[in-house]
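Structure record follows, encoded as structure tokens.
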Amino acid sequence: MKNLKWVAGVALAVGLAALPVLGQEAAKKEPPKPAPGPSEAVLEQWNDIGRKLIAIAEDLPEDKYDYKPNPDSRTFRAILLHVSGSMYYFTDSAQKQKPRYPDDPKPADLKINSKADLVAFVKQCVKDGADLIKAKGDKGLNESVNDGGPRLIRLGNLAYGLIEHSGEHYGNLVVYYRINGMVPPESRPKK
């Protein structure tokens, strides 16, 4: 009996000692992916917030598009127009053009008459920004542009600013969902 306990103890010790080696072997088979380059990192963030905005625009019932929690708030539709249109503040500045839309573009000015039109607009704004980020690459995102402020700004920093802005308004949209007793797409259990 003593020998059996001793043999079991030695076998356990050898097995535990081998685990780090086995873990290292597994790690050698699949090295971690390299860190993304600067423009790839910006593109990932741009596309991620864009995906969330598109999902929420597609998901919300059209009869809720004119909801606002109080008279001074923007409607769901107005937030989507504002945040999507503001993406052109990045793309237009990057192309040394005057921003094409005011802070709060109106649906009639954009020929947006339905939920489908607005979803298409959101998708186009996200796509145009993503295409520009890809075209500019690392070197282009280091260029300085005039965004109308008191000094020049690096294009990559302007992109991150618009990503942050979009995330803040995405948070508004999530609150609107919750106030209406709904769960936003990003908060639902994954299948």
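Looking only at residues in segment 74-83 that are among the β-branched types (Val, Ile, Thr) and assigned to a helix (DSSP H, G or I), which one is surrounded by the most Cβ atoms within 10 Å (Cβ to Cβ)?
Of all residues in segment 74-83, those among the β-branched types (Val, Ile, Thr) come to 75, 79, 83.
Then drop every residue that is not assigned to a helix (DSSP H, G or I), which leaves 79, 83.
Numbers: 79: 21, 83: 24.
Looking at the filtered set, the residue picked out is 83.
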**Q.** Among the residues listed as 52, 68, the single one being modelled with pLDDT under 95 and surrounded by 15 or more Cβ atoms within 10 Å (Cβ to Cβ)
**A.** 68
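Conditions (1) touching a Phe, Trp or Tyr at 6+ places or on another chain (Cβ under 8 Å); (2) within 20 Å of residue 103 (Cβ to Cβ); (3) in contact (Cβ under 8 Å) with a residue 24 or more places away in the chain, marked per residue:
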position	(1), (2), (3)
134	no, no, yes
144	no, no, no
147	yes, yes, yes
150	no, yes, no
159	yes, yes, yes
172	no, yes, yes
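For segment 21-44, does any single residue satisfy the condition of being assigned to a loop (DSSP other than H, G, I, E, B), closer than 25 Å to residue 184 by Cα and modelled with pLDDT under 95?
The answer is no; no qualifying residue exists.
The values are calculated or read from the model by the stated rules, or taken from the named source; none is laboratory data. Only a predicted model underlies this, so the values are computations on that prediction, with no experimental measurement involved. Backbone-built Cβ (ideal geometry, glycine too); neighbour counts: all protein chains shown.
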